[in-house]
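Trainee: Can you keep this structure in mind? I'll have questions shortly.
The values are calculated or read from the model by the stated rules, or taken from the named source; none is laboratory data. These numbers were taken from a predicted model, which means no experiment stands behind them. Every residue, glycine among them, receives a Cβ derived from its backbone with ideal geometry; neighbour counts consider all protein chains shown. The accessibility values were calculated without ligands, DNA or RNA, using every heavy atom of the protein model including side chains. Shrake-Rupley method; radii C 1.70, N 1.55, O 1.52, S 1.80 Å.
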Amino acid sequence: MTSTQASPVPAKGRTDAVRGILWMVLASLCFACMHAVIKKVAATGIHPFETAFFRLLFGMLPIIPFFVKDGLKPLKTKRLGLLTLRGVLNSAAMLCYFFALSIAPLAQVTALGFSAPIFASVLAVLFLGEVVRLRRWTAILLGFAGTLVILRPGVIPLDLGPMLVVISSLIWGGCMIIIKRLSATESSATITVYMSLVMMPIILVPATFVWSWPGPEQWALLIGLGILGGGAQLSMAQALKMADTHVVGPVDFVRLIWVTALGYVFFNELPDMFVWIGGAMILGSTAYIAYREHRLGRARGIIPGPPGVRTTLPRESGD
């Protein structure tokens, strides 16, 4: 076989890809339901900051089986500093995003949230020294154009909700870079449990200023929110371990379909065509960026890493 011929995909690789896709479908459904619950809880009078705290508190519930099975193993790590940094950044992103969900349409918030990988690509250039050339810069610009299509500044008022989503996506882009590095050595359970342990005391501070004790219905919603959030994080982390980002990443666009249905049924919301057009542009951008990362990784060669983790050699030249 010549070097230009594609190697056949092993059966295990195909199986892992299918499993990764299914995990991402589950993650997208959990995230969509979680966002709908956040909006519902806000409508009952609980402030989004308090909701964020309970999401983290009850988000520990899906982790309990890991402690039952492995004891304190999920707490063992040599990368506490990086896990803590991820938690600090993720706290700011979560507060912005939860507040946005309480005041903006579900589909609009979701579509704008897809821009996080685009910000991650730009941040990788600025802080990690990655070299990006014409084709990926074109994809990045397409993604930002999609954001402008949704926001339409100068055409419609630039409301607080959408702006908070953009800020949240920028911060989350930085978190994505950290998570990808952590996934090379840490388990899904470790990454998820430390997220909650670091973020809970941070988010509790602003939550105390707007605190009101939940009633029975609100408690039920908050517990469900935590379970959905923890399940979504675990499912997404597992999807990224089973398959490459370029395979499972585009599947997350299914989330826009889920939230559109939930927004219509529970909040009488229907996104306009600009949300769909802009969302598709952003998705196309992120899908191409993931695809090029995959191609460049294969061109440089895949080196062994921990089970279920794809690791590429350091790249000297970019796309």
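Trainee: Would you look at the GNM of the chain, springs on alpha carbons closer than 10 Å, and say which of 15, 190, 84 moves the most?
Mentor: 15
Trainee: Right, here's the next one. Per residue, what accessible area does segment 18-79 have, given a 1.4 Å probe and all protein chains present, in Å²? Spell out each step's value before the answer.
Mentor: Numbers: 3000 Å² over 62 residues.
The answer is 48 Å² per residue.
Trainee: Roughly what percent of Cα-Cα pairs across the chain reach past 24 Å?
Mentor: Numbers: 27354 of 50721 pairs.
Summing the P(r) tail past 24 Å for the chain gives 54 percent.
Trainee: Once Rh is set to the Kirkwood radius over Cα pairs, what Stokes-Einstein translational diffusion coefficient, in µm²/s, holds for segment 177-298 at a temperature of 25 °C and a viscosity of 0.890 mPa s? Display every interim value, and only then the final one.
Mentor: Details: Rh = 17.5 Å.
Using the Kirkwood radius from Cα pairs, D works out to 140 µm²/s.
Trainee: With runs of 4+ DSSP H residues as the only contributors, calculate the mean residue ellipticity of the chain at 222 nm using -39,500 (n - 2.57) per run, divided by the residue total and rounded to the nearest 500. Intermediate values should be presented prior to the final figure.
Mentor: Values: 13 runs with 231 residues, N = 319.
For the chain, the value works out to -24500 deg cm²/dmol.
Trainee: Hydropathy first: keep DSSP H helices in the chain averaging at least 1.0 on Kyte-Doolittle, then drop any whose Cα extent along the axis falls short of 27 Å, and list what survives.
Mentor: Details: long enough: 11-43 (49 Å, 0.93); 80-103 (35 Å, 1.60); 160-182 (33 Å, 1.68); 188-208 (30 Å, 1.66); 216-242 (39 Å, 0.73); 273-300 (40 Å, 0.28).
Membrane-span-like by this rule: 80-103, 160-182, 188-208.
Trainee: If the elastic network links every pair of Cα atoms under 10 Å, which of 126, 234, 57 fluctuates the most in the Gaussian network model of the chain?
Mentor: Result: 126 has the largest fluctuation of those listed.
Trainee: Along the Cα-to-Cβ line of residue 84, 7 Å from the Cα, sits a label point; which residues in segment 108-124 have backbone N less than 13 Å from it?
Mentor: No residues fall inside that zone.
Trainee: What order do you get for 268-278, 178-188 when each peptide is scored by the mean count of other beta carbon atoms within 10 Å, highest first?
Mentor: Working: 268-278: 15.7, 178-188: 18.5.
By packing density, highest mean first, the sequence is 178-188, 268-278.
Trainee: Right, another one. Under 8 Å for C-alpha pairs, at least 6 residues apart: give me the relative contact order for the chain, rounded to a whole percent. Please list the in-between numbers first.
Mentor: Details: 481 pairs, mean separation 119.0, N = 319.
Contact order relative to length: 37 percent.
Trainee: Ignoring solvent entirely, what values of log10 I(q)/I(0) come out of the Debye formula for segment 23-179 at 0.20 Å⁻¹ when each Cα is a single scatterer?
Mentor: Log10 of I(q)/I(0), two decimals: -1.39.
Trainee: Calculate the dipole size of the chain relative to its Cα centre from +1 charges on Lys and Arg beta carbons and -1 charges on Asp and Glu beta carbons; express the result in debye to the nearest 20.
Mentor: Numbers: 26 positive and 14 negative charges, 218 e Å.
Dipole magnitude for the chain comes out near 1040 debye.
Trainee: Moving to a separate point now. Scan around residue 130 for amide H atoms under 5 Å from its own, H built in the peptide plane at 1.01 Å from N, and keep only partners 5 or more places away or cross-chain.
Mentor: 125
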